[in-house]
1. When the residues of region 102-127 are filtered to those that are among the small types (Gly, Ala, Ser) and over 18 Å from residue 185 (Cβ atoms), which remaining residue is farthest from the chain's Cα centre (by Cα)?
2. Can you name the number of the only condition in (1) more than 30 Å from residue 188 (Cα to Cα); (2) in contact with an Asp or Glu (Cβ under 6 Å, 6 or more places away or on another chain); (3) crowded, with 20+ Cβ neighbours inside 10 Å that residue 130 fails?
3. What is the one condition in (1) part of a strand (DSSP E or B); (2) under 19 Å from the mean Cα position of the chain (by Cα) that residue 99 does not satisfy?
4. Is it fair to say residue 170 is surrounded by 22 or more Cβ atoms within 10 Å (Cβ to Cβ), at pLDDT 90 or above and among the β-branched types (Val, Ile, Thr)?
5. So which residues in region 160-218 are of a type in the set (A, V, I, L, M, F, W, C) and assigned to a loop (DSSP other than H, G, I, E, B)?
6. Return the only residue of 227, 265, 254 being modelled with pLDDT of 90 or more, in a loop (DSSP other than H, G, I, E, B) and surrounded by 13 or more Cβ atoms within 10 Å (Cβ to Cβ).
Amino acid sequence: RDRAPPMTEVVQPVDIAPPPVNALVRGELAEFIDYQSFTQDTQDREDHSFCGVFFDLSPSDEHPLSYVEVTSIWVRGELGPCTIWTTPDGHGGVRGGKVYREDAWRCVYERDHGPSFDEFVEMRFDEPVRLERGRRTGFYVHSKAQGDRAVVYDDQRYGTQGKVDDGRLVIWPAVAHLSCRPFGRRAPWGGDALRSKRLFVGRVSYGVRWALWNPEPECHARFPAGFRRAVETMVLCARQPGCELSRLGDEVIFYVMNKCGWDWFGEDMTSDGPSFEERKAAEQETYRAREREERRHALRQMFGEGMSDQEVETLMDQVDDNPNLNYMLLNYLMHGEQDQDDDDEEAAYGEEETEWDPDDDPDDDDDDDDVGDPSSSPTSPSFPTRAKTPSPCRTSSSANDGCIRPTDLPATMRGTYDDARSASVISLHSATRAAKPGT
(Lines give C-alpha, C1' and ligand atoms only; values in the text may rest on other atoms or scores of the structure.)
Protein backbone atom coordinates (compact mmCIF):
# COMPACT_ATOMS: atom_id res chain seq x y z
CA ARG A 1 0.00 0.00 0.00
CA ASP A 2 1.39 3.35 -0.99
CA ARG A 3 2.11 5.65 1.93
CA ALA A 4 1.31 9.31 1.81
CA PRO A 5 4.38 11.51 1.73
CA PRO A 6 5.22 13.06 5.11
CA MET A 7 3.88 16.53 5.69
CA THR A 8 6.49 19.18 5.94
CA GLU A 9 5.81 22.02 8.39
CA VAL A 10 6.82 25.31 7.00
CA VAL A 11 7.81 27.85 9.67
CA GLN A 12 7.60 31.38 8.49
CA PRO A 13 10.44 33.58 9.81
CA VAL A 14 9.32 36.10 12.37
CA ASP A 15 11.30 39.20 13.11
CA ILE A 16 11.68 39.46 16.91
CA ALA A 17 12.94 42.85 17.85
CA PRO A 18 15.19 43.11 20.94
CA PRO A 19 13.64 44.80 23.94
CA PRO A 20 13.99 48.54 23.95
CA VAL A 21 16.96 49.88 25.84
CA ASN A 22 14.75 51.62 28.37
CA ALA A 23 13.29 48.22 29.31
CA LEU A 24 16.61 47.23 30.92
CA VAL A 25 15.61 48.01 34.47
CA ARG A 26 18.54 48.41 36.82
CA GLY A 27 18.13 47.28 40.41
CA GLU A 28 19.09 49.24 43.49
CA LEU A 29 19.65 46.43 46.02
CA ALA A 30 21.54 43.16 45.89
CA GLU A 31 19.33 40.09 45.56
CA PHE A 32 20.60 38.40 48.71
CA ILE A 33 21.57 39.58 52.19
CA ASP A 34 25.21 38.91 53.04
CA TYR A 35 25.33 37.68 56.64
CA GLN A 36 28.35 38.53 58.74
CA SER A 37 29.35 38.19 62.40
CA PHE A 38 31.10 41.05 64.14
CA THR A 39 32.84 40.78 67.51
CA GLN A 40 34.03 43.85 69.35
CA ASP A 41 37.57 43.55 70.65
CA THR A 42 37.45 44.26 74.39
CA GLN A 43 41.27 44.12 74.65
CA ASP A 44 41.00 41.69 77.56
CA ARG A 45 39.80 44.39 79.96
CA GLU A 46 36.18 43.27 80.70
CA ASP A 47 36.29 44.81 84.13
CA HIS A 48 32.75 46.02 84.88
CA SER A 49 29.28 44.56 85.18
CA PHE A 50 25.87 45.57 86.39
CA CYS A 51 22.23 45.34 85.29
CA GLY A 52 22.32 46.67 81.75
CA VAL A 53 23.89 48.76 79.02
CA PHE A 54 22.62 51.23 76.41
CA PHE A 55 24.46 51.55 73.09
CA ASP A 56 23.85 52.53 69.47
CA LEU A 57 24.41 50.60 66.25
CA SER A 58 24.51 52.05 62.74
CA PRO A 59 25.59 50.96 59.26
CA SER A 60 29.09 52.05 58.34
CA ASP A 61 29.68 54.74 55.72
CA GLU A 62 32.83 53.00 54.55
CA HIS A 63 31.27 50.71 51.92
CA PRO A 64 28.22 50.91 49.61
CA LEU A 65 25.55 49.21 51.68
CA SER A 66 21.89 50.06 51.91
CA TYR A 67 20.97 48.68 55.32
CA VAL A 68 21.99 46.18 58.00
CA GLU A 69 19.76 43.60 59.66
CA VAL A 70 20.75 42.64 63.21
CA THR A 71 19.70 39.08 64.00
CA SER A 72 21.11 38.59 67.50
CA ILE A 73 23.11 40.11 70.36
CA TRP A 74 25.63 38.07 72.37
CA VAL A 75 26.56 39.03 75.96
CA ARG A 76 27.91 37.35 79.07
CA GLY A 77 27.52 37.67 82.83
CA GLU A 78 25.20 36.30 85.46
CA LEU A 79 22.34 37.10 83.05
CA GLY A 80 18.98 35.85 84.43
CA PRO A 81 15.70 37.42 83.18
CA CYS A 82 17.02 39.33 80.16
CA THR A 83 15.34 41.72 77.77
CA ILE A 84 16.59 43.63 74.72
CA TRP A 85 14.97 46.83 73.54
CA THR A 86 15.43 49.04 70.48
CA THR A 87 14.58 52.63 69.62
CA PRO A 88 15.04 54.62 66.39
CA ASP A 89 17.55 57.48 66.17
CA GLY A 90 19.70 56.25 69.07
CA HIS A 91 19.27 56.23 72.84
CA GLY A 92 20.28 59.91 73.12
CA GLY A 93 22.84 59.72 75.91
CA VAL A 94 22.58 60.43 79.62
CA ARG A 95 21.07 63.91 79.40
CA GLY A 96 17.91 64.62 77.42
CA GLY A 97 17.78 61.17 75.87
CA LYS A 98 15.27 58.34 75.90
CA VAL A 99 17.05 56.18 78.47
CA TYR A 100 14.26 56.61 81.04
CA ARG A 101 11.30 56.54 78.62
CA GLU A 102 10.05 52.99 78.24
CA ASP A 103 7.32 54.14 75.85
CA ALA A 104 10.00 55.18 73.34
CA TRP A 105 11.40 51.65 73.13
CA ARG A 106 10.25 48.35 71.62
CA CYS A 107 11.05 45.05 73.33
CA VAL A 108 12.49 42.61 70.76
CA TYR A 109 13.71 39.87 73.11
CA GLU A 110 12.73 38.43 76.51
CA ARG A 111 14.01 35.21 78.00
CA ASP A 112 15.72 33.73 81.08
CA HIS A 113 19.35 32.62 80.85
CA GLY A 114 21.70 30.85 83.20
CA PRO A 115 25.03 32.38 84.25
CA SER A 116 27.81 32.47 81.66
CA PHE A 117 30.87 34.51 82.63
CA ASP A 118 33.35 32.95 80.21
CA GLU A 119 31.30 32.41 77.06
CA PHE A 120 29.00 34.79 75.18
CA VAL A 121 25.34 33.76 75.11
CA GLU A 122 23.34 34.43 71.94
CA MET A 123 20.03 36.25 72.26
CA ARG A 124 18.38 35.80 68.86
CA PHE A 125 15.47 38.00 67.84
CA ASP A 126 12.25 36.63 66.39
CA GLU A 127 12.53 39.23 63.63
CA PRO A 128 15.71 41.03 62.49
CA VAL A 129 16.14 44.66 63.49
CA ARG A 130 16.87 46.82 60.45
CA LEU A 131 19.46 49.59 60.67
CA GLU A 132 18.99 52.19 57.98
CA ARG A 133 22.00 53.84 56.41
CA GLY A 134 22.79 57.25 57.90
CA ARG A 135 20.78 56.61 61.09
CA ARG A 136 21.59 55.19 64.50
CA THR A 137 19.41 52.67 66.29
CA GLY A 138 19.54 52.45 70.07
CA PHE A 139 19.87 49.06 71.79
CA TYR A 140 19.31 48.34 75.47
CA VAL A 141 20.37 45.02 77.02
CA HIS A 142 19.02 44.57 80.55
CA SER A 143 18.69 41.92 83.24
CA LYS A 144 16.30 41.99 86.19
CA ALA A 145 18.66 39.83 88.25
CA GLN A 146 19.31 41.21 91.73
CA GLY A 147 22.97 42.01 92.13
CA ASP A 148 25.68 43.73 90.16
CA ARG A 149 27.10 41.00 87.93
CA ALA A 150 24.28 40.51 85.42
CA VAL A 151 25.75 42.05 82.23
CA VAL A 152 29.46 42.58 81.56
CA TYR A 153 30.65 45.77 79.84
CA ASP A 154 33.82 47.84 79.78
CA ASP A 155 35.27 51.27 80.50
CA GLN A 156 35.87 53.73 77.68
CA ARG A 157 39.35 54.59 78.83
CA TYR A 158 41.43 57.56 77.84
CA GLY A 159 43.32 56.94 74.62
CA THR A 160 40.72 54.57 73.19
CA GLN A 161 38.64 55.20 70.11
CA GLY A 162 35.23 54.68 71.65
CA LYS A 163 33.31 53.59 68.57
CA VAL A 164 34.24 50.43 66.67
CA ASP A 165 33.79 50.23 62.89
CA ASP A 166 34.52 47.12 60.82
CA GLY A 167 33.50 48.77 57.54
CA ARG A 168 29.97 47.38 57.71
CA LEU A 169 28.65 47.97 61.22
CA VAL A 170 29.48 50.65 63.81
CA ILE A 171 29.15 50.04 67.56
CA TRP A 172 29.04 53.37 69.40
CA PRO A 173 30.06 54.10 73.03
CA ALA A 174 27.67 52.90 75.69
CA VAL A 175 25.95 54.01 78.89
CA ALA A 176 25.75 51.56 81.79
CA HIS A 177 22.52 51.07 83.72
CA LEU A 178 22.68 50.23 87.44
CA SER A 179 19.02 49.52 88.18
CA CYS A 180 17.49 46.05 88.19
CA ARG A 181 14.23 47.64 87.05
CA PRO A 182 14.14 48.29 83.27
CA PHE A 183 14.55 52.04 82.69
CA GLY A 184 14.74 52.60 86.47
CA ARG A 185 16.10 55.98 87.54
CA ARG A 186 17.87 55.14 90.80
CA ALA A 187 21.04 53.25 91.57
CA PRO A 188 20.98 50.73 94.46
CA TRP A 189 22.51 53.27 96.86
CA GLY A 190 20.45 56.20 95.52
CA GLY A 191 21.28 58.79 92.90
CA ASP A 192 21.36 58.41 89.14
CA ALA A 193 21.37 54.88 87.73
CA LEU A 194 23.38 55.80 84.61
CA ARG A 195 27.13 55.78 84.01
CA SER A 196 28.52 57.25 80.82
CA LYS A 197 31.78 56.48 78.99
CA ARG A 198 31.26 52.74 78.86
CA LEU A 199 31.68 50.20 76.04
CA PHE A 200 29.53 47.29 74.91
CA VAL A 201 31.21 43.91 75.44
CA GLY A 202 29.87 41.12 73.28
CA ARG A 203 29.03 40.15 69.73
CA VAL A 204 26.57 41.38 67.12
CA SER A 205 25.34 39.00 64.40
CA TYR A 206 24.01 40.80 61.37
CA GLY A 207 23.33 40.69 57.64
CA VAL A 208 24.21 43.33 55.05
CA ARG A 209 22.09 44.35 52.06
CA TRP A 210 24.56 45.75 49.58
CA ALA A 211 23.63 48.52 47.17
CA LEU A 212 23.94 48.02 43.41
CA TRP A 213 25.79 50.50 41.23
CA ASN A 214 23.82 53.14 39.35
CA PRO A 215 25.11 56.03 37.22
CA GLU A 216 23.87 58.78 39.53
CA PRO A 217 26.91 60.73 40.83
CA GLU A 218 26.04 60.23 44.52
CA CYS A 219 25.77 56.47 44.07
CA HIS A 220 28.87 56.25 41.84
CA ALA A 221 30.99 58.02 44.48
CA ARG A 222 30.09 55.45 47.17
CA PHE A 223 31.74 52.57 45.29
CA PRO A 224 35.40 51.53 45.56
CA ALA A 225 38.03 53.11 43.34
CA GLY A 226 38.47 49.93 41.30
CA PHE A 227 34.76 49.77 40.52
CA ARG A 228 34.68 53.41 39.47
CA ARG A 229 37.65 52.87 37.15
CA ALA A 230 35.91 49.84 35.62
CA VAL A 231 32.82 51.93 34.85
CA GLU A 232 34.88 54.69 33.29
CA THR A 233 36.84 52.15 31.20
CA MET A 234 33.67 50.52 29.91
CA VAL A 235 32.14 53.86 28.91
CA LEU A 236 35.34 55.08 27.22
CA CYS A 237 35.74 51.83 25.28
CA ALA A 238 32.17 52.14 24.05
CA ARG A 239 33.16 55.49 22.55
CA GLN A 240 36.04 54.04 20.50
CA PRO A 241 35.31 53.21 16.84
CA GLY A 242 36.04 49.59 16.08
CA CYS A 243 35.56 48.43 19.68
CA GLU A 244 32.89 45.79 20.04
CA LEU A 245 31.45 47.72 22.99
CA SER A 246 30.69 50.59 20.64
CA ARG A 247 27.77 48.52 19.37
CA LEU A 248 26.15 48.92 22.78
CA GLY A 249 24.45 52.00 24.07
CA ASP A 250 25.19 53.60 27.43
CA GLU A 251 22.10 52.04 28.97
CA VAL A 252 23.38 48.56 28.16
CA ILE A 253 26.77 49.39 29.69
CA PHE A 254 25.06 50.74 32.79
CA TYR A 255 22.88 47.63 33.02
CA VAL A 256 25.93 45.34 32.89
CA MET A 257 27.77 47.29 35.59
CA ASN A 258 24.62 47.33 37.72
CA LYS A 259 24.79 43.53 37.92
CA CYS A 260 28.40 43.50 39.13
CA GLY A 261 29.14 43.02 42.83
CA TRP A 262 30.46 46.06 44.65
CA ASP A 263 33.75 44.31 45.54
CA TRP A 264 34.49 42.63 42.19
CA PHE A 265 37.22 45.18 41.42
CA GLY A 266 38.66 45.54 44.92
CA GLU A 267 37.45 47.06 48.19
CA ASP A 268 39.82 50.04 48.52
CA MET A 269 37.88 53.29 48.38
CA THR A 270 40.87 55.34 47.20
CA SER A 271 43.31 54.51 44.43
CA ASP A 272 46.48 55.98 45.97
CA GLY A 273 45.72 56.18 49.71
CA PRO A 274 45.90 53.53 52.44
CA SER A 275 43.36 50.73 52.54
CA PHE A 276 40.62 50.53 55.17
CA GLU A 277 42.60 47.97 57.17
CA GLU A 278 45.74 50.13 57.04
CA ARG A 279 43.84 53.19 58.20
CA LYS A 280 42.25 51.29 61.10
CA ALA A 281 45.64 49.94 62.16
CA ALA A 282 47.12 53.45 62.06
CA GLU A 283 44.23 54.79 64.14
CA GLN A 284 44.73 52.08 66.76
CA GLU A 285 48.43 52.85 66.93
CA THR A 286 47.64 56.54 67.41
CA TYR A 287 45.25 55.76 70.26
CA ARG A 288 47.77 53.48 71.94
CA ALA A 289 50.44 56.19 71.71
CA ARG A 290 48.01 58.75 73.15
CA GLU A 291 47.13 56.46 76.05
CA ARG A 292 50.80 55.89 76.83
CA GLU A 293 51.49 59.63 76.82
CA GLU A 294 48.56 60.22 79.15
CA ARG A 295 49.93 57.59 81.52
CA ARG A 296 53.31 59.35 81.51
CA HIS A 297 51.53 62.59 82.42
CA ALA A 298 49.65 60.84 85.24
CA LEU A 299 52.90 59.46 86.65
CA ARG A 300 54.44 62.93 86.72
CA GLN A 301 51.34 64.27 88.47
CA MET A 302 51.45 61.56 91.13
CA PHE A 303 55.20 61.43 91.76
CA GLY A 304 56.28 64.96 90.96
CA GLU A 305 57.16 66.97 87.88
CA GLY A 306 60.84 66.63 88.77
CA MET A 307 60.98 63.06 87.52
CA SER A 308 63.54 62.51 84.78
CA ASP A 309 62.53 60.92 81.48
CA GLN A 310 64.49 57.81 82.42
CA GLU A 311 62.63 57.49 85.72
CA VAL A 312 59.30 57.85 83.94
CA GLU A 313 60.20 55.18 81.40
CA THR A 314 61.40 52.86 84.16
CA LEU A 315 58.10 53.23 85.98
CA MET A 316 56.20 52.81 82.71
CA ASP A 317 57.87 49.44 82.27
CA GLN A 318 56.66 48.51 85.75
CA VAL A 319 53.15 49.61 84.84
CA ASP A 320 53.15 47.62 81.60
CA ASP A 321 54.08 44.48 83.50
CA ASN A 322 51.53 45.03 86.29
CA PRO A 323 47.85 45.25 85.19
CA ASN A 324 46.84 46.60 88.60
CA LEU A 325 49.26 49.53 88.41
CA ASN A 326 48.09 50.21 84.88
CA TYR A 327 44.46 50.19 85.97
CA MET A 328 45.28 52.54 88.86
CA LEU A 329 46.75 55.08 86.43
CA LEU A 330 43.74 54.87 84.13
CA ASN A 331 41.38 55.41 87.06
CA TYR A 332 43.51 58.33 88.17
CA LEU A 333 43.07 59.90 84.75
CA MET A 334 39.31 59.34 84.60
CA HIS A 335 38.08 59.98 88.16
CA GLY A 336 36.48 63.33 88.73
CA GLU A 337 35.54 63.96 85.08
CA GLN A 338 32.87 61.44 84.22
CA ASP A 339 30.96 60.92 87.44
CA GLN A 340 27.81 62.64 88.60
CA ASP A 341 27.12 63.76 92.14
CA ASP A 342 24.52 61.41 93.53
CA ASP A 343 23.00 64.04 95.81
CA ASP A 344 22.44 66.39 92.88
CA GLU A 345 20.88 63.60 90.82
CA GLU A 346 18.60 62.62 93.68
CA ALA A 347 17.42 66.20 94.07
CA ALA A 348 16.90 66.51 90.33
CA TYR A 349 14.73 63.42 90.04
CA GLY A 350 12.95 63.82 93.37
CA GLU A 351 12.15 61.22 95.95
CA GLU A 352 11.55 57.77 94.56
CA GLU A 353 11.44 54.42 96.24
CA THR A 354 14.62 52.45 95.74
CA GLU A 355 14.03 49.21 93.88
CA TRP A 356 17.06 47.47 95.39
CA ASP A 357 16.76 44.96 98.20
CA PRO A 358 19.69 45.64 100.57
CA ASP A 359 19.55 42.05 101.84
CA ASP A 360 20.63 40.87 98.39
CA ASP A 361 23.85 42.89 98.37
CA PRO A 362 24.62 44.25 101.85
CA ASP A 363 28.19 45.34 101.21
CA ASP A 364 28.10 46.84 97.74
CA ASP A 365 27.42 50.55 98.03
CA ASP A 366 30.06 51.19 95.41
CA ASP A 367 29.62 51.44 91.67
CA ASP A 368 29.38 48.85 88.92
CA ASP A 369 31.02 45.64 90.02
CA ASP A 370 34.53 44.64 89.07
CA VAL A 371 34.19 41.28 87.40
CA GLY A 372 37.49 39.92 88.61
CA ASP A 373 36.72 40.47 92.30
CA PRO A 374 33.05 39.91 93.17
CA SER A 375 33.79 40.17 96.86
CA SER A 376 35.25 43.68 96.69
CA SER A 377 33.66 46.30 98.92
CA PRO A 378 34.56 49.72 100.40
CA THR A 379 35.79 47.98 103.55
CA SER A 380 38.06 45.66 101.58
CA PRO A 381 39.25 47.60 98.54
CA SER A 382 41.08 45.95 95.71
CA PHE A 383 41.82 46.83 92.14
CA PRO A 384 39.50 45.50 89.44
CA THR A 385 41.10 42.58 87.68
CA ARG A 386 40.10 40.12 85.04
CA ALA A 387 38.04 37.12 86.05
CA LYS A 388 39.93 34.49 88.05
CA THR A 389 43.04 36.67 88.23
CA PRO A 390 44.14 37.28 91.85
CA SER A 391 45.50 40.71 92.63
CA PRO A 392 49.23 40.67 93.42
CA CYS A 393 48.67 43.70 95.62
CA ARG A 394 46.41 41.92 98.09
CA THR A 395 48.08 40.79 101.29
CA SER A 396 46.94 39.63 104.69
CA SER A 397 48.44 42.74 106.28
CA SER A 398 45.88 45.31 107.32
CA ALA A 399 48.45 48.06 106.75
CA ASN A 400 48.43 47.41 103.01
CA ASP A 401 44.64 46.96 102.88
CA GLY A 402 44.79 45.57 99.34
CA CYS A 403 46.33 48.76 97.88
CA ILE A 404 49.46 49.44 95.88
CA ARG A 405 52.52 49.25 98.13
CA PRO A 406 55.65 51.38 97.75
CA THR A 407 57.56 48.17 97.12
CA ASP A 408 55.55 47.74 93.92
CA LEU A 409 57.39 50.78 92.55
CA PRO A 410 60.91 50.62 91.09
CA ALA A 411 63.68 51.27 93.60
CA THR A 412 64.69 54.50 91.88
CA MET A 413 61.23 55.95 92.52
CA ARG A 414 60.71 55.10 96.18
CA GLY A 415 62.41 58.20 97.49
CA THR A 416 61.53 60.78 94.86
CA TYR A 417 58.19 61.94 96.17
CA ASP A 418 57.23 63.64 99.40
CA ASP A 419 55.33 61.93 102.21
CA ALA A 420 52.03 63.65 101.50
CA ARG A 421 52.08 62.64 97.84
CA SER A 422 53.13 59.07 98.57
CA ALA A 423 50.34 58.68 101.11
CA SER A 424 47.78 59.87 98.57
CA VAL A 425 49.13 57.55 95.86
CA ILE A 426 49.34 54.44 98.03
CA SER A 427 45.70 54.85 99.07
CA LEU A 428 44.60 56.27 95.72
CA HIS A 429 42.19 53.52 94.80
CA SER A 430 40.34 53.28 98.10
CA ALA A 431 40.23 57.06 98.51
CA THR A 432 38.78 57.76 95.07
CA ARG A 433 36.20 55.00 95.31
CA ALA A 434 35.09 56.08 98.77
CA ALA A 435 34.83 59.74 97.75
CA LYS A 436 33.19 59.07 94.37
CA PRO A 437 30.79 56.14 94.46
CA GLY A 438 30.13 56.27 90.69
CA THR A 439 32.72 55.01 88.24
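1. First pass over region 102-127, keeping only residues among the small types (Gly, Ala, Ser): 104, 114, 116.
Within this subset, residues satisfying the condition of being over 18 Å from residue 185 (Cβ atoms) are 114, 116.
Numbers: 114: 24, 116: 20 Å.
By that ranking, first place goes to 114.
2. Exception for residue 130: condition (3).
3. That leaves (1) as the condition not met.
4. Working: surrounded by 22 or more Cβ atoms within 10 Å (Cβ to Cβ): no; at pLDDT 90 or above: yes; among the β-branched types (Val, Ile, Thr): yes.
Judged against the criteria, residue 170 is not a match.
5. Here is the first cut: in region 160-218, the ones of a type in the set (A, V, I, L, M, F, W, C) are 164, 169-172, 174-176, 178, 180, 183, 187, 189, 193-194, 199-201, 204, 208, 210-213.
Correct list: 172, 178, 180, 183, 187, 189, 193, 201, 212, 213.
6. Details: 227 fails: in a loop (DSSP other than H, G, I, E, B); 254 fails: in a loop (DSSP other than H, G, I, E, B).
Matching residue, one of 227, 265, 254: 265.
Let's see how each residue does on (1) out of contact with any Gly (no Cβ under 7 Å at 6 or more places or on another chain); (2) among the aliphatic types (A, V, I, L, M):
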| site | (1), (2) |
| --- | --- |
| 69 | no, no |
| 75 | no, yes |
| 78 | no, no |
| 103 | yes, no |
| 109 | yes, no |
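The values are calculated or read from the model by the stated rules, or taken from the named source; none is laboratory data. Since this is a predicted model, take the numbers as computed values, not measurements. Backbone-built Cβ (ideal geometry, glycine too); neighbour counts: all protein chains shown.
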